[in-house]
Amino acid sequence: MGPAQREKVRRYDRQRKLRKKYNKSEEELRAILKQQGDVCRLCGTDSPNSKYGWHTDHCSETGRVRGILCRRCNTAIGHFNHDPKLLRVAAIYLEAFDLNVEDGEF
């Protein structure tokens, strides 16, 4: 198999995996990124920060795509087990620390 055929197989395999995992085509995922302004849905960076490109964030229960994220934001959400409560607690923790530093407590 030549290089052109390998590339064709690679693209077909990627399309098949995207359709199976997210029920979306590569074009549909690109449209989501474009709708977000070609930036990470969370932090707004215009770089995926990954040699593999952008990450598709999705609900593991429903499979629905929530948005396209950079590697850092996708990893951060994963470290918090996709739990909004934990993320809110982390935000409160960080904000409280910043307030205490401003008050000279730390």
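The values are calculated or read from the model by the stated rules, or taken from the named source; none is laboratory data. Model, not experiment: these values are computed from the prediction. Cβ atoms come from the backbone with ideal geometry, glycine included; neighbour counts cover every protein chain shown.
Points worth noting:
- Only residues that are surrounded by 13 or more Cβ atoms within 10 Å (Cβ to Cβ) and either modelled with pLDDT under 85 or under 11 Å from ILE68 (Cα atoms) (or both) were counted across the range 1-17, and they come to 0.
- Residues (out of contact with any strand residue (DSSP E or B) (no Cβ under 7 Å at 6 or more places or on another chain) and surrounded by 16 or more Cβ atoms within 10 Å (Cβ to Cβ)) located in the range 18-38: LEU18
- Residues that are polar (S, T, N, Q) and either within 12 Å of the chain's Cα centre (by Cα) or closer than 16 Å to LEU69 by Cβ (or both) within the range 18-58 comprise GLN35, GLN36, THR45, SER47, ASN49, SER50, THR56, listed in sequence order.
- All helices (runs of 4 or more DSSP H) inside the range 1-79 with 3 or more residues being of a type in the set (Lys, Arg) and without any contact (Cβ under 8 Å) to a residue 40 or more places away in the chain: 3-22
- The set of residues in the range 39-65 that are among the acidic types (Asp, Glu), surrounded by fewer than 16 Cβ atoms within 10 Å (Cβ to Cβ) and either at pLDDT 95 or above or under 16 Å from ARG19 (Cα atoms) (or both) contains only ASP46.
- For the range 66-80, the tally of residues that are among the β-branched types (Val, Ile, Thr) and either modelled with pLDDT under 95 or surrounded by fewer than 17 Cβ atoms within 10 Å (Cβ to Cβ) (or both) stands at 1.
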